[in-house]
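Working notes for the structure below.
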Amino acid sequence: MSYALEDTSGEAMAPVKGESAGAPPAIGAPKPYRITRSGARPLRFAGSELVMAMSFTPELPYWYEINMYRTSDLEFVAAVRLFHQSEDMPDTVEAMKFPSLEQALEMIEHYDAVCDVKFGMAS
């Protein structure tokens, strides 16, 4: 299992006005993200995670994680990750940036998990 969400290459963001460089980030303060996408270039942005939902059940061979972010430039990122218990199956990620929350939610609403089912995948 690999995780497709990483902090960017260690680049530090400028401290928020009134905070020292060594202070922990404020809740909701933007931080850099780099989401590795399947078959596409990584999606990089600075922002805050708004929500995360996961469908993990130990008895199943795979599970989903859905994340929604608000970027510093007031756009939205929706990410759907498919993780597998088996090291032989590659994890996949679909992530896109949208100008509005409604468009990001629409991407999640229309995500078709049937496309993720592989013939011969044991349940």
Contour excess over end-to-end distance, with Cα ends at residue 85 and residue 54 and 0.36 nm allotted per residue: 9.7 nm
So with the 1.4 Å probe, I'd like the accessible area per residue for the stretch 57-123, rounded to whole Å². 62
Under the 7 Å Cα-to-Cβ spin-label approximation, residue 92 and residue 113 lie apart by a distance in nanometres of 1.4
Once you put a point 7 Å from the Cα of residue 63 and another 7 Å from the Cα of residue 101, both along the Cβ direction, what distance in nm separates them? 2.7
Whether the stretch 57-123 is rounded, prolate or oblate, judged on the alpha carbon gyration tensor where a/c under 1.5 counts as rounded: prolate
Between residue 74 and residue 46, 0.36 nm times their residue separation minus their Cα-Cα distance comes to what? 9.1 nm
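The values are calculated or read from the model by the stated rules, or taken from the named source; none is laboratory data. Here the structure is a predicted model, which means the values were calculated and not measured. So basically every Cβ, Gly included, is an ideal-geometry build from the backbone, and we count neighbours across all protein chains shown. For the accessible areas, the whole protein counts, side chains as well, though only heavy atoms, and no ligand, DNA or RNA atoms are used. Shrake-Rupley method; radii C 1.70, N 1.55, O 1.52, S 1.80 Å.
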